[in-house]
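Read through the structure below, which is laid out as structure tokens, and then see the notes.
Taken together, the values in this text are just the output of simple stated rules run on the coordinates, not laboratory data. Being a predicted model, the structure only gives us computed values, none of them experimental. Cβ coordinates were reconstructed from backbone atoms using ideal geometry, including for glycine residues, and neighbour counts include every protein chain displayed.
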Amino acid sequence: NLNFVSSNLQNFSIPNADCIIFSDVLHYLNEQERNRIFTQYASKLLPRGTIIIRDGDNRLAKKHSTTRLTEFFSTRLLNFNKTENKLEFFSFKSMAKLGESLGFETQIIDQTKWTSNVIMVFKRRSNG
């Protein structure tokens, strides 16, 4: 009962889901669009659902310079990833604030050595 979907976040009609994963993609969106999509997708999460984000946290300054460099290579030199806008890295603190306003508890998992690509897990707060 597992379904993986690869699509453009901005125009995908997401069905109800137990888990949504945003892997290395949210920094391709500006803050307004990122918040809109996160909110829209969160509304489709089933009770006890989870959202997982893996992305670069711009507050991890030393590690983040490596992340920015790898993105430069993948988007400009190698054309591996396609961009429509300027890359806009964000802080996981800002995403935690948004998640908390939508009723999520958050956890950050940082197992990186060289980059700022960490994991943030959002779980719906239990109602009791």
**Request:** Could I have the simple spin-label model distance between Thr50 and Ile21, label points 7 Å from Cα toward Cβ, reported in nm to one decimal?
**Result:** 1.1 nm
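Hey, with R₀ at 22 Å, roughly what FRET efficiency would Asp110 and Phe89 work out to, going by the Cβ-Cβ distance, to 0.05? Let's see the in-between values first.
Values: r = 15 Å, r/R0 = 0.70.
Efficiency, from the Cβ-Cβ distance: 0.90.
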